[in-house]
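Note sheet for the following structure.
The values are calculated or read from the model by the stated rules, or taken from the named source; none is laboratory data. It should be emphasised that the depicted structure is a prediction, and the values quoted were computed from it without experimental measurement. Counting neighbours? That spans all protein chains shown, and the Cβs are built from the backbone with ideal geometry, glycine included. When the accessible area is computed, the model is the full protein with side chains, heavy atoms only, and any ligands, DNA or RNA have been set aside. Shrake-Rupley method; radii C 1.70, N 1.55, O 1.52, S 1.80 Å.
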Amino acid sequence: VRSQVLADRPRAESKQNLGPHDVTGLGLRVESWYGPRHGVFFAPPGSSTGDWSFLQKPSLDQLEEVGGVTNGQIVVDTGVFHVGSAVAHALLRLALDGPLACCTDRGLRHSLQVNPLRLEFYSDVIMSL
């Protein structure tokens, strides 16, 4: 899986190649005080271009500590993601026949497990990508 974040409008001549193994999040630059109420993308200091990480509702201190604040701004998660076909198929297989089957109604109907597993999109899926 190759993860990337689009935080700036691409130039007209650039092409974003979104392949089957890609997960791409769309970020928006906003004032840093938005961070504690949103998911935030950040590029750790010294990381290469496109090497992004993600924090869910971090404190301002956390954002400063990881280098997530630049000129008083952060990159918040807009909730818009491109999930490549290979990644989508892998997640579906996990939800239908794998360990995540107990997170779905279909999985619970065909399982010996009585209680559904807790699954949260941001903390369990996005942060792992």
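Which sequence of 100, 28 reflects their accessible areas, 1.4 Å probe, from the largest down? Kindly include the intermediate steps, with their values, before the conclusion.
On the way: 100 45, 28 95 Å².
Order by accessible area, largest first: 28, 100.
Order the following by accessible area, largest value first: 21, 110, 82. Probe radius 1.4 Å; ligands, DNA and RNA are ignored.
Numbers: 21 110, 110 145, 82 60 Å².
In descending accessible area the options line up as 110, 21, 82.
At 7 Å along Cα-to-Cβ for each site, give me the label-to-label distance between residue 21 and residue 97 in nm.
With each label placed 7 Å out from Cα toward Cβ, I get 2.2 nm.
At 0.36 nm per residue, minus the direct Cα-Cα distance, what do residue 88 and residue 104 gain on full extension? Give it in nm, one decimal, please. Provide the component values of the computation, followed by the final result.
Details: separation 16, 0.36 × 16 = 5.76 nm, distance 1.58 nm.
Using 0.36 nm per residue and subtracting the Cα-Cα distance, I get 4.2 nm.
With all protein chains present, calculate the accessible area of residue 119 using a 1.4 Å probe and round the result to the nearest 10 Å².
That residue has around 80 Å² of solvent-accessible surface.
Can you list the HN-Hα couplings for segment 30-38, worked out from phi with the Karplus curve (6.51, -1.76, 1.60; θ = phi - 60°), rounded to whole Hz and with x for Gly and Pro?
9, 4, 4, 5, 6, x, x, 10, 9
Where in segment 20-59 does the label zone of residue 125 land, with the point 7 angstrom along Cα→C-beta and an amide N cut-off under 15 Å?
22-26
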